[in-house]
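So the structure is just underneath, and the comments pick up after that.
The values are calculated or read from the model by the stated rules, or taken from the named source; none is laboratory data. Model, not experiment: these values are computed from the prediction. All Cβ positions, even for glycine, are placed from backbone atoms using ideal geometry, and neighbour counts span all protein chains on display.
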Amino acid sequence: MAIIDFFDRGWRINPRGVAYIQDERSFSFQEIGDLSCRIANGLVAAGFRKGTKAAVWSDNDVVGWSCALGMWRAGMTYLPVNARNAVAENQYILDAFDCEALFFSQAFAAAIETLRPSLPKVKLWVCIDADVPWAPSLATWSEGQPSAPPAIDYDMHDVVTLSATGGTTGAPKGVMNTHRAFQTYFAQFMMAFPYESGRPVNLAAAPMTHTAGMLSLPCTARGGTVVVLTKPDPALLIGAIAKHRVTELFLPPTVIYRLIDIPGIEKQDFSSLKCFLYGAAPMSVEKLKRAIEVFGPVMAGGYGQTEAPASISYLTPAEHFVDGALASDERLSSVGRPNPLVRVEIMNDRGDILAQGETGEICVRGDLVMKGYYKAPEKTAETVIGGWLHTGDIGHLDEDGYLHITDRKKDMIISGGFNVYPSEVEQVIWAHPAVQDCAVIGVPDDKWGEAVKAVVELNAGQSVSAEELVALCKEKLGSVKAPKSVDFVPALPRSTVGKVLKKDLREQYWQGLQRRI
């Protein structure tokens, strides 16, 4: 199936049903289907050919998402632009990835107008919610276009998204994903989280330019409703779950940590939830247990990368339990079993497949894997070797086949000749009730080469000493892995999607020095 076919499946089986809800407005499948067709026909009439790159610069917005649907319907490649990025970063992405059409919301019109001279490849500017002096509104631009799909031929190897990744370690790379990759992703999601009765209600609370947007399409394909939150407000999020009887949502761990600390959260109605997916960063086992207490037996872990989107493995809600009781910490710290339509192996630096239980690089093969990096064949060749995507994640498969991510390869600390995986130390520190979040990094040390340092963000109004945290780690892990020092910060640096930026933390300590990893 082409990516637009997933929307069209829902349109066919539930044409008068509610496809999207934003604020107090509902949009039917028929309404959004017709709009996406008018957008697609407008793009074709403007002369944009199959494979042309186009983008939407907007916060979470149903009409903005409809523009992406229209791009896919026209056979174009969608560039997901995160509205929370710095303006300069988005300018780089649009220019480097050859964007030729840009749809945007009025809220960003002033910033985009200043960028227009630096984006000479853009031929079409359309404001999705208003007329501006230099760009027509979407309503004006699409008026009179047919509301029937244009005749576009699709090949399963066509690139449908060109997503930026790696910006925290240099200029962003463009990941090219195809119809086939997303078909695999959606199929695995629907197999892992089936609906025996009723239609799903998906809450798009995280940016739709990332996991939340693509996770909405399996819901849409089943004729379900996607509730779109326009701003990251915890009160709105919690209220939306009960109001709309939400059955599924995705959030990164850092947001979940804040939700479970809200006073009185246990009294809220979460009875409609069937699947609360967490991922994009490691999850504290202790905080996961707390989340299960709050939200019920609905938590679901996931592992993926932009290069193999969101479905390398899943830890389903049922797999969080064994014989009716919570599973072991070892199981809960895993990211589940590899999904059925991909092959996952652990390899050493020579590319040899290691035995079950041995630690090495997680490598993935199958239709889920990206086509490559845009205009970067050398980077593609370094990452996809013999058909295997080398994820850069270190981990192992346990005796029951569950996949464990020990750490990112570049984050591993070599201290006194011993390998220390930060995530192992972070799990211990996260378990302390005063800790909101933490990051463990290697810092330069004359004696050890690298010393283990913990950078800790505390819960409001709570305290713990550095000595207490070091002693806790020594007790659980031994002195080699325990931090040699602890720094407390008001807030850890995070990306626009909530990931802790360890590179930014390390830079403070490695200025003028060369790190070996």
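Assorted remarks:
- Each residue in segment 279-313 was checked for being modelled with pLDDT of 95 or more, over 20 Å from Asn177 (Cα atoms) and not in a helix (DSSP H, G or I), and 6 pass.
Table: residues versus (1) of a type in the set (S, T, N, Q); (2) within 22 Å of Thr52 (Cα to Cα).
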position	(1), (2)
Arg73	no, yes
Glu89	no, yes
Asp98	no, yes
Arg116	no, yes
Trp125	no, yes
Val132	no, no
Thr140	yes, no
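- Within segment 130-138, the presence of at least one residue that is buried (at least 23 other Cβ atoms within 10 Å of the Cβ), more than 21 Å from the chain's Cα centre (by Cα), in contact (Cβ under 8 Å) with a residue 60 or more places away in the chain and assigned by TED's automatic domain parsing to the domain that holds Asn82 is confirmed.
- Entry remark, segment 365-384: residues being within 17 Å of Thr161 (Cα to Cα) and of a type outside the set (Asp, Glu) number 10 in total.
- Once segment 365-383 is narrowed to residues that are out of contact with any helix residue (DSSP H, G or I) (no Cβ under 9 Å at 6 or more places or on another chain) and in contact (Cβ under 8 Å) with a residue 40 or more places away in the chain, the residue that is nearest to Met412 (Cα to Cα) is Thr383.
- Leu102 being in a helix (DSSP H, G or I) and under 15 Å from Val56 (Cβ atoms): no
- For first residues located in segment 345-357 and over 19 Å from His404 (Cβ atoms), partners that are in a loop (DSSP other than H, G, I, E, B) and lie 6+ apart or on another chain with Cβ distances below 9 Å form the pairs Gly351/Gly386.
- Single residue of segment 245-304 satisfying the filter (of a type in the set (Lys, Arg) and either touching a Pro at 6+ places or on another chain (Cβ under 8 Å) or in the same structural domain as Gly498 (by TED's automatic domain parsing) (or both)) that is nearest to Pro232 (Cα to Cα): Arg258
- Filtering segment 350-382 to residues that are crowded, with 20+ Cβ neighbours inside 10 Å, in contact with a Lys or Arg (Cβ under 9 Å, 6 or more places away or on another chain) and among the β-branched types (Val, Ile, Thr) leaves only Val364.
- Some residue of segment 35-43 being of a type in the set (Val, Ile, Thr) and over 27 Å from the mean Cα position of the chain (by Cα): no
- The lone exception for Asp269 - which of (1) in a helix (DSSP H, G or I); (2) modelled with pLDDT of 95 or more it fails: (1)
- Residues that are more than 25 Å from Pro146 (Cβ to Cβ), without any contact (Cβ under 8 Å) to a residue 60 or more places away in the chain and either among the hydrophobic types (A, V, I, L, M, F, W, C) or assigned to a strand (DSSP E or B) (or both), drawn from segment 70-98: Ala86, Val87, Ala88, Leu94
- Only a single item in (1) under 15 Å from Trp65 (Cβ atoms); (2) surrounded by fewer than 21 Cβ atoms within 10 Å (Cβ to Cβ) is not met by Ile4, and it is number (2).
- When segment 408-429 is filtered for residues that are in contact (Cβ under 8 Å) with a residue 40 or more places away in the chain and of a type in the set (S, T, N, Q), the ones remaining, listed by number, are Ser415, Ser423, Gln427.
- Residue in segment 166-174 that is under 12 Å from Thr77 (Cβ atoms) and either at pLDDT 95 or above or part of a helix (DSSP H, G or I) (or both) present: yes
- Contact map, segment 320-344: residues that are within 14 Å of Arg290 (Cα to Cα) paired with residues that are modelled with pLDDT of 95 or more and of a type in the set (Phe, Trp, Tyr), Cβ distance under 7 Å, separation 6+ or inter-chain. Pairs shown: Ala327/Phe321.
- On the stretch given as segment 262-319, residues that are within 14 Å of the chain's Cα centre (by Cα), more than 24 Å from Asp398 (Cβ to Cβ) and either among the aliphatic types (A, V, I, L, M) or surrounded by fewer than 20 Cβ atoms within 10 Å (Cβ to Cβ) (or both) total 1.
- Flag for Tyr78 being closer than 26 Å to Met1 by Cα, among the aromatic types (Phe, Trp, Tyr) and surrounded by fewer than 23 Cβ atoms within 10 Å (Cβ to Cβ): no
- Unmet requirement for Gly42, which otherwise passes all of (1) over 30 Å from Ile241 (Cα atoms); (2) touching a helix residue (DSSP H, G or I) at 6+ places or on another chain (Cβ under 8 Å); (3) surrounded by fewer than 21 Cβ atoms within 10 Å (Cβ to Cβ): (3)
- Which listed residue, of Gln508, Gln462, is within 31 Å of the chain's Cα centre (by Cα) and closer than 22 Å to Arg408 by Cβ: Gln508
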